[in-house]
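The values are calculated or read from the model by the stated rules, or taken from the named source; none is laboratory data. These figures come from a predicted structure and were not determined experimentally. Methodologically, a virtual Cβ is constructed for each residue, glycine included, from the backbone with ideal geometry; neighbour enumeration extends over all protein chains shown. Side chains are part of the model used for accessible areas, which takes the heavy atoms of the whole protein and leaves out ligands, DNA and RNA. Shrake-Rupley method; radii C 1.70, N 1.55, O 1.52, S 1.80 Å.
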Amino acid sequence: DQQVKQNSPSLSVQEGRISILNCDYTNSMFDYFLWYKKYPAEGPTFLISISSIKDKNEDGRFTVFLNKSAKHLSLHIVPSQPGDSAVYFCAASAQGSARQLTFGSGTQLTVLP
Amino acid sequence: NAGVTQTPKFRILKIGQSMTLQCTQDMNHNYMYWYRQDPGMGLKLIYYSVGAGITDKGEVPNGYNVSRSTTEDFPLRLELAAPSQTSVYFCATGTGGSYEQYFGPGTRLTVT
């Protein structure tokens, strides 16, 4: 039972355009959501997060949107750069869970120059 | 600061062998986690610890054991290696005061 789903295994975008990565979840107890970026042969690195009390969080070129009623979140990258090419994981955590993270399966983003 | 270090980087085991994956952090974080990532899949939590002397099972604990005798170290033990344990293993830490976790570079394990 996948509680966090990333239905697009891959996404290709032209440099300078917007990248939109999507994530859906089923567990209504999740109250905090994170995006991680992963390069080959490295560990995931934290990118941006959002609490369930907000619907948007922005950090430079990265914006995360949360739609609680639809149990959906998305990561927007504008403008996309070739260095953004990586696997992006969506993760979620429930209050009182010792900050355990449940991860989606990831989306490989390729930004074409 | 080295952050989170994991050793070894790569290892090949024969079925039935045992080994310990090492994880050390110098971030003074109380929370530590072990994940495995299979090809094309997300990370799954194996075990976690909220402080020295305290450990608990995650989603996929079978075939593994952990200990946490110090804040810095959180080794993961495989007692009887099986091909299903072929994976990339990541150790992570967190403060407990926030949700962000900080990951090590991973150990790629192959069991044949």
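Taking trypsin sites (Lys or Arg not before Pro) across the range B:1-41, the ones in a DSSP loop with at most 12 further Cβ atoms lying within 10 angstrom of their Cβ are B:9, B:14.
With a 1.4 Å probe and all protein chains left in place, how much of the accessible area of the protein assembly as shown comes from carbon and sulfur atoms, in whole percent? Answer for the protein assembly as shown is 50 percent, counting heavy atoms of protein chains only.
Other residues within the sphere of radius under 14 Å centred on the Cβ of residue A:66, judged by their own Cβ, net out at 0 (K and R +1, D and E -1). If I take R0 = 35 Å and measure r between the Cβ atoms of residue A:81 and residue A:26 in this structure, what FRET efficiency does the formula 1/(1 + (r/R0)^6) give, to the nearest 0.05? In this case the efficiency is close to 0.60. Look at the Cα gyration tensor of the range B:4-103: its axes a ≥ b ≥ c give a/c of at least 1.5 with a/b over b/c, and that counts as prolate. Calculate I(q)/I(0) for chain A by the Debye formula, one identical point scatterer on each C-alpha and no solvent, and give its log10 at q = 0.17, 0.20, 0.24 Å⁻¹ to two decimals. Rounded to two decimals, the profile gives -0.76, -1.05, -1.44. As a calculated quantity, the FRET efficiency between residue B:12 and residue A:45 at R0 = 25 Å, using C-beta atoms, amounts to about 0.35.
The contact between chain A and chain B removes approximately 1700 Å² from the accessible area (both sides summed; 1.4 Å probe; ligands, DNA and RNA excluded). The largest accessible area among B:108, B:77 belongs to the first residue in B:108, B:77, and the rest follow in falling order (1.4 Å probe, all chains). With Cβ to Cβ distances under 11 Å as the rule, what net charge do the other residues near residue A:109 carry (K, R +1; D, E -1)? With Lys, Arg at +1 and Asp, Glu at -1, the net is +1.
Taking 4.7 Å between beta carbons as the limit, the protein assembly as shown has no unpaired Cys residues. Site pair residue B:72 and residue A:11 shows an inter-label distance of 4.1 nm when each label is modelled 7 Å from Cα along Cα→Cβ. Placing +1 on the Cβ of every Lys and Arg and -1 on the Cβ of every Asp and Glu, with no other charges, gives the range A:4-112 a dipole of roughly 180 debye about its Cα centre. Mind checking which lysines have their Cα closer than 18 Å to the Cα of residue A:68? Skip sequence neighbours fewer than 8 apart in that chain. Candidates past the 8-residue exclusion: A:5, A:54, A:56. For chain A, the per residue solvent-accessible surface stands at 48 Å², with DNA, RNA and ligands left out and a 1.4 Å probe. Within the shell of other residues whose beta carbon sits under 14 angstrom from the beta carbon of residue B:33, the net charge comes to +1, with Lys and Arg scored +1 and Asp and Glu -1.
In loop segments of the range A:1-102 as defined by DSSP, there are no chymotrypsin sites (Phe, Trp or Tyr not before Pro) with at most 13 further C-beta atoms inside 10 Å of their C-beta.
Annotation for the range A:37-68: trypsin sites (Lys or Arg not before Pro) lying in DSSP loop with at most 13 further Cβ atoms inside 10 Å of their Cβ are A:54. If you sort the three axes of the alpha carbon gyration tensor as a ≥ b ≥ c, you get a/c of 1.5 or more for the protein assembly as shown and a/b above b/c, which makes it prolate.
Excluding ligands, DNA and RNA, the accessible surface per residue across the range B:4-103 is 46 Å² with a 1.4 Å probe. Using a 1.4 Å probe on protein heavy atoms, which residues of the range A:65-113 have at least 30 Å² less accessible area in the complex than alone? Buried on complex formation: A:89, A:98, A:99, A:100, A:101, A:103, A:105.
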